[in-house]
Amino acid sequence: MSGTTGKAKQDMKTFSSNAEDDSGHEIGIGDVQAVGLDKPFNIWSALGISFSVTSVPLAIGTYLSVSVGVGGSPVYFFGYIVSVVFNLCICASLGELAAVFPHSSGQVYWTSQLAPQRYARGLSYLVGWLVAAGYFFWTAATFLITSELIFALVQICHSQFTPLSWHYYLAYFAIGLWALLPNTVFFKWYPLFLQGLVVYINLGGLFILIVLLVRSSPKQTSEYVFKDFVNQTGWSSNAVVFFIGLLPGLTAINGFDSAAHMAEEMSEPSRQVPQVMFISAIASAVSGLPMILVYMFCITNPENLLDPVGGQPIIQLMVDSLRSLPLSIIGTLIFVICFACASVTLLTTFTRVWWSLAREGGVPCSKFMARISDPSQLPINSIIFSVVACSLIGLLELGSATALNAILGSAVLCIFSSANQQLSMANQPLFIANQPPTQTQQLRRTWEDILKKTVTNQAAKLPKPTEFSLWKWETRLTNTTDFEA
């Protein structure tokens, strides 16, 4: 929407702190044009953020550690397909909300518009903290995986070296500092970096795919890949094991809302954000499937995956299958660089979530966190806080790696829980009974009424909600007042 209606602004104020920036400009009212930020992101650079957050062509291999003994290859493959189908449905629904309500706080603002007024404030705070926690844990997890990949590379070159906990933490902290640079000092070149990142991820995945197919021998049989069910979890029910094994697919096709949090830094968010969300999800889903098949067919020594080099089964797979030190080093470097870049984009998303929540008075020291730096037009305070917070939780690595992994595993739970709030409210009359119908709901009702009255060509002339929600209709319809109550 090029401008939020006065009614929407008034609704947003029910839970907004209406903080002011240094120039006295009122913020937090739900208008994507309210904050005078630069517009550095276009559809391709935003796609770079969304696609690299998951980095599916490469990152799907790191989830081998989850599938080993948890159903094995069949669950890894078929569970991925099941997860993708349902995740794309969620993405389409969230894309519709992003088209109607473009706002950097994403789910927080959507909740405020869909919930009845007396519940809007509480539910918005709850959703905001779920989103912030989800991306906080996800960012920290990426820092951790990158540090593990770095020392897996070291162990490939020096097999006698045994890294200690403080080694991992130093690498973890260094990744946090690295992620800080493109988000602050080098932000001028950040959009260009993001566009190149999409190319790198796909070329890197293509390289891994080709060298594994060429070098691995002997390859696994189709029975191993599609039939041999492995249950080493302790659960007697294979159905339970199958649902546990859905985690790789759920994690890989995720983070749909990352583009939504860039809304105030894009020129046409009501059109661009839904497009980025769905294009990224489709591209991730399609690119992940062949990579899973290649990884599974190219496992030459399944037993070694139970005790992999550096704790990363995908690195052990390359060492066993490539049978070449130079190729193993190059393959591992591709993964290290990919996850180091994903750390940058995840930090970007987390900082925008935290900043937008601070604008609404939803975090401690909100005015300080919401402040925009004049020279850079960036939320520097929120960015620095995000790096410090991730660095502090990483200290758990010095104590219990199990405790840290358990905390980081909650990222997916938090993000899906936040998405569930809006989807539930958008589809349950209880939550929207006290609200005027949104443009999307009114459009859907109009469409259904026409179909009930007559089956003529007139019905075909009215755009369906699916066309409105993702592609060419949203700019024309979200700027009209024809459907306002």
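The values are calculated or read from the model by the stated rules, or taken from the named source; none is laboratory data. None of the values given here were measured: they were computed from a predicted structure. Positions of Cβ are backbone-derived with ideal geometry, glycine not excepted, and every protein chain shown enters the neighbour counts. Side chains included, ligands, DNA and RNA excluded: accessible areas come from the protein's heavy atoms. Shrake-Rupley method; radii C 1.70, N 1.55, O 1.52, S 1.80 Å.
Share of the range 193-265's accessible area from carbon and sulfur, percent, 1.4 Å?
66 percent
Only protein heavy atoms count here; under a 1.4 Å probe, R121 has an accessible surface of about 110 Å².
Once both labels are positioned 7 Å from their Cα atoms along Cα-to-Cβ, the gap between V185 and N238 label points is 5.6 nm. Taking the convex hull of the alpha carbon positions in the range 43-419 and averaging its projected area over all directions gives 18.5 nm².
Within the range 265-401, the proportion of C-alpha pairs whose separation exceeds 20 Å stands at 67%. When every Cα-Cα distance of the range 117-165 is counted in 5 angstrom steps from zero, the calculated P(r) takes the values 5, 18, 14, 12, 10, 9, 9, 7, 6, 5, 3, 2, 1 percent. Would you compute the Debye intensity of the range 158-273 from its alpha-carbon atoms alone, equal scatterers and no solvent, and pass along log10 I(q)/I(0) at q = 0.17, 0.18 Å⁻¹ to two decimals? Result of the Debye calculation: -1.25, -1.24.
Using a probe of 1.4 angstrom and keeping all protein chains present, the accessible surface of the range 310-358 works out to 20 square angstrom per residue. Peptides 300-307, 42-49 ranked from most to least packed, by the mean per-residue count of other Cβ atoms within 10 Å: 42-49, 300-307. Largest accessible area first, the listed residues W178, W138 line up as W178, W138 when surface is computed with a 1.4 Å probe on the assembled protein chains. Please work out the Cα center distance from the range 74-126 to the range 168-233, rounded to the nearest Å. Between the Cα centre of the range 74-126 and that of the range 168-233, the gap is 26 Å.
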